[in-house]
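Single-structure report; data block below.
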C-alpha cells in the first residue's frame with residue numbers, strides 16, 4: 001500500500017480536479033452556488049499534511065486560478081494565502097474539532113477568502129455588488145464534510161479523520 | 001494558550017508568519033503590476049500555457065458531445081437538415097445576387113463622391129471554450145491566440161451581429177468581453193436615420209442599454225442599431241441590436257432605452273474574429289517598407 005505521507009499522486013490529482021471543477025461550465029441558475037473547490041481542497045491538505053502543503057502551494061494554486069479565471073494576477077493568490085495561513089496556524093486545533101465545528105471554521109475561512117476577492121474587485125473598480133456572491137461560501141461549508149470524507153477515505157482507508 | 005503545533009517555541013510560528021508576509025507582499029506586488037500596466041503579459045502568458053491543459057480537459061467533454069451528436073445522428077435527421085440548409089442557401093444566394101449589384105453600384109457612387117471604397121474585412125472562425133469565468137462578468141475564452149495574429153481590441157462577430165472584443169491575448173487562447181458586459185460600450189448609429197449614440201452593456205446577456213439619448217431623440221422600438229465605426233474598435237455597418245423599448249419620462253432629460261443584442265450572446269459556440277483593412281495594412285506596412293527599401 002502507498003504511504004500517505006510520501007504519496008504525491010492523490011494531492012496533485014485532487015488539486016487538478018479542483019481546478020477543473022472551478023471552471024467547468026454550470027447552468028447560469030446554479031453558477032453562483034458553485035463551491036470554491038480549490039480553497040476547500042487546499043484547506044484539506046494544509047490540515048492533513050501541513051509539512052508538505054503550505055503557503056507556496058497556496059500561492060501557486062492561487063496564481064493558476066487567477067490565470068484560469070482571467071482575474072487580476074495575485075487576486076486569488078492572496079486570498080488563498082490568508083486562508084492557508086489560518087489553517088496552518090491552527091491546524092492542530094482544527095483537526096480535533098467535531099465535523100460541524102470544522103465546517104463552521106471552514107465557513108469563516110471561505111468568508112474571509114470571498115471578502116478578500118470582493119475587496120480587490122472593489123479596489124480596482126470592477127463592480128460586482130451582487131449579494132449572490134456569498135452563496136458560494138455557504139455551499140462551500142456544506143460540501144466540506146464531503147471533501148473531507150472522500151479525501152480521507154482515499155488517503156488512509158483504515159483511518160477515519162484527518 | 002500558545003501556538004498549537006509550535007513545539008519548538010515561537011520560532012516555527014514566526015517563520016510561518018514571516019513567510020506568509022513575504023508571499024503576501026509578492027502577490028500584492030503582482031496585483032499592482034498587473035493592474036497598472038501590461039508589465040506582466042509575459043508572466044501571464046507563461047501561466048496560461050501551464051493552465052492550458054486544464055482548459056482543454058474541461059472543454060473536451062463538450063467537444064466530444066458535439067462530435068458524437070453529429071456523427072451518431074440518424075440518417076433522416078441529417079437528410080432533413082441538409083434539405084433545410086440547401087433551401088436556406090438558395091435564399092441567401094438570391095439575396096447575394098442583388099448584393100453584388102448593389103455593391104457595384106455603391107462603389108460607383110462612392111467613386112463619384114470621391115470617397116474611399118469599403119473593402120471587405122478579413123475574418124477567422126474561433127471556437128468558444130466551454131470554460132466558465134467569473135459568473136458576474138460577461139467574459140469567455142476563445143481558442144485563438146498570439147499565433148493566429150489576434151490582438152487586444154479586436155472585434156468579435158457572430159452570424160447575426162457584433163458579439164464583443166478581445167481584452168487579453170495569451171499564447172493559445174484569448175479572453176474576450178461581450179458587448180453585454182456592464183463595463184463595455186459600443187458606439188452605434190440608428191440604421192433608419194443615422195442618429196449616433198452609445199450602447200452600454202447591462203451584465204445581462206439579453207439586454208443592452210442606451211443611456212445617452214434625450215427625450216426628444218428620434219428613436220422607436222424596432223429600430224436597428226449598427227456599429228458606427230467611431231472609436232476605431234468595431235468596423236462600421238455591423239448590426240449590434242434592436243431597440244426593444246423606449247421609455248420617455250417627462251421629468252428626466254434622458255430617455256430610458258432598452259435594446260436586445262443582435263448576436264446570440266448566450267448561445268454562441270463559434271465567433272468570427274475580424275481584421276478590418278486598416279488592421280491588415282498596419283500589420284503589413286513594415287514589410288512593404290522593407291521591400292521598398294530593397
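Just so it is clear, none of the values below were taken in a lab; they were calculated from the coordinates. Since we're looking at a predicted model, the values are computed, not measured. All Cβ positions, even for glycine, are placed from backbone atoms using ideal geometry, and neighbour counts span all protein chains on display.
The table below gives the values:
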| item | result |
| --- | --- |
| Separation of the residue B:87 and residue B:101 label points, Cα + 7 Å toward Cβ, nm | 2.6 nm |
| FRET efficiency, residue A:104 to residue A:153 (Cβ-Cβ, R0 30 Å, nearest 0.05) | 0.85 |
| Estimated inter-spin distance, residue B:193 and residue B:270, nm [label 7 Å along Cα→Cβ] | 3.9 nm |
| Isotropic mean projected area of the C-alpha convex hull, the protein assembly as shown (nm²) | 32.4 nm² |
| Overall form of the range A:35-162 per C-alpha gyration tensor (a/c, 1.5; a/b vs b/c) | prolate |
| Within a Gaussian network of chain B (alpha carbon springs, distance under 10 Å), most fluctuating of B:262, B:130, B:83 | B:83 |
| Cα gyration tensor, the range B:15-153 - rounded (a/c under 1.5), prolate or oblate | oblate |
| For the range A:86-119 versus the range B:207-273, the gap between their alpha-carbon centres in whole angstrom | 46 Å |
| Cα-based helix-to-principal-axis angle, B:75-113 vs chain B, degrees rounded to 10 | 70 degrees |
| Cα-based helix-to-principal-axis angle, A:55-69 vs chain A, degrees rounded to 10 | 40 degrees |
| Packing-based exposure ordering (other Cβ within 10 Å, fewest first) of B:228, B:253 | B:253, B:228 |
| Order of A:100, A:45 under a 10 Å beta carbon neighbour criterion, fewest first | A:100, A:45 |
| Along each principal axis, Cα extent of chain B, largest first, Å | 87, 61, 59 |
| Chain A: angle of helix A:9-23 to the longest principal axis, Cα-based, in degrees nearest 10 | 20 degrees |
| The range A:9-155, relative contact order [Cα under 8 Å, separation at least 6], % | 28 percent |
| B:170, B:270 arranged by Cβ crowding within 10 Å, fewest neighbours leading | B:270, B:170 |
| Gained length - residue B:28 relative to residue B:113, 0.36 nm times residue gap less alpha-carbon distance | 24.9 nm |
| Candidates B:68, B:155, B:104, ranked by Gaussian network fluctuation over chain B, Cα under 10 Å, top entry | B:104 |
| Chain B, relative contact order [Cα under 8 Å, separation at least 6], % | 15 percent |
| Mean separation of Cα contacts under 8 Å (6+ apart) over length of the range B:123-280, as relative contact order % | 25 percent |
| GNM result for chain B, Cα springs below 10 Å: residue of B:239, B:277, B:261 fluctuating most strongly | B:277 |
